[in-house]
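Visitor: After the structure tokens below, expect a handful of questions from me.
The values are calculated or read from the model by the stated rules, or taken from the named source; none is laboratory data. Worth saying up front: this structure is predicted, and the values here are computed from it rather than measured. Note that we place each Cβ from the backbone using ideal geometry, even for glycine, and neighbour counts take in every protein chain shown.
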Amino acid sequence: MKISKKFSILAGTAIATSISIMGSVYAEESKTEKATIEEILVTATKRDSTIKDVPFSINAQTQTDIQRTGATSLEDLSRNVAGLMIQNLGPGQSQVAIRGVSAGQIVRDQPGVKEQVGVYLDESVISLSLFTPDIDLYDLNRVEVLRGPQGTLFGSGSVGGTIRYITNQPNTNEFEGSVEGNLNVIDGGGTGGHLKAMINMPITTDKAAIRAVGYHTEYAGFIDALREGGSID
């Protein structure tokens, strides 16, 4: 009986020691993970603040997130943003809805229709009379989606929420540049692709710089347009 008690005490001590070691290792791993979390700064309240400090629901897709998902338009990006829905009605005519709130109209230039979701490029509104420009996401700093009424800061056109394209600011310290290209072919159709480029040139160190972004896209067709005389366009 004495031997069995001694064995049970030793076994209990060994188990307790292993649990305490595992607990300390897990705690160290948790500290390491917390230390590597990157803070995302947003300007949804017209001043720099972290997402956790913003007093309303917000989602910010950074340039890294956009590149990782391969998104090239707001419609692609909406798949990763809860509550955001894009109804593609053609170039420049996409219907934007946040939490189910949108203008609810599909006829352009209809009298009395006002946007319910504001779309901004930096501080300039670009959504007007059901016209929402299709902005390419190349070289954007981030895309902010502000859920819920934003009338206080962004006016009556942001009843459902606001979408903000935030561009990268010119870098006054160093020269930068990037190029992105794509080529695709449709079986039995045409050839398409895109070419995008960015250049950043400092003019005066720490004082002035120029940043320019341009892109061109060709969409491959699969239907032949027949002209008079039977020629194909």
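Visitor: Can you list residue pairs whose Cβ atoms sit under 9 Å apart, with the first residue in the stretch 144-155 being on the phi > 0 side of the Ramachandran plot and at pLDDT below 90 and the second being in a loop (DSSP other than H, G, I, E, B) and crowded, with 16+ Cβ neighbours inside 10 Å? Count only pairs 6 or more apart in sequence or on different chains.
Guide: 148/160
Visitor: With respect to residue 75, determine if the residue is modelled with pLDDT under 75 and not hydrophobic (A, V, I, L, M, F, W, C).
Guide: No; evaluated as a whole, the condition is false for this residue.
For every residue, the table says whether it meets (1) within 19 Å of residue 134 (Cβ to Cβ); (2) surrounded by 16 or more Cβ atoms within 10 Å (Cβ to Cβ).
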site: 51; (1), (2): no, no
site: 58; (1), (2): no, yes
site: 61; (1), (2): yes, yes
site: 79; (1), (2): yes, no
site: 84; (1), (2): yes, yes
site: 91; (1), (2): yes, no
site: 100; (1), (2): no, no
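Visitor: Could you tell me which of the residues 180, 228, 218, 176 is in contact with a Gly (Cβ under 9 Å, 6 or more places away or on another chain) and acidic (Asp, Glu)?
Guide: Criteria check complete, one pass: 218.
Visitor: Determine which member of the set 165, 215, 138 is within 18 Å of residue 66 (Cβ to Cβ) and assigned to a loop (DSSP other than H, G, I, E, B).
Guide: Of the residues listed, the single one that is within 18 Å of residue 66 (Cβ to Cβ) and assigned to a loop (DSSP other than H, G, I, E, B) is 138.
Visitor: May I ask you to verify whether residue 45 is out of contact with any Gly (no Cβ under 7 Å at 6 or more places or on another chain), modelled with pLDDT of 50 or more and β-branched (Val, Ile, Thr)?
Guide: yes
Visitor: Right, something else. Of the residues 217, 167, which single one is surrounded by 12 or more Cβ atoms within 10 Å (Cβ to Cβ), within 29 Å of residue 81 (Cα to Cα), among the polar types (S, T, N, Q) and in contact with a Leu (Cβ under 7 Å, 6 or more places away or on another chain)?
Guide: The match here is 167.
Visitor: Would you mention how many residues in the stretch 179-209 are surrounded by 14 or more Cβ atoms within 10 Å (Cβ to Cβ) and either in a loop (DSSP other than H, G, I, E, B) or at pLDDT below 90 (or both)?
Guide: So the count comes out to 1.
Visitor: Looking at (1) among the hydrophobic types (A, V, I, L, M, F, W, C); (2) out of contact with any Phe, Trp or Tyr (no Cβ under 7 Å at 6 or more places or on another chain); (3) under 23 Å from residue 87 (Cβ atoms), which is the one condition that is false for residue 183?
Guide: Answer for residue 183: the failing condition is (3).
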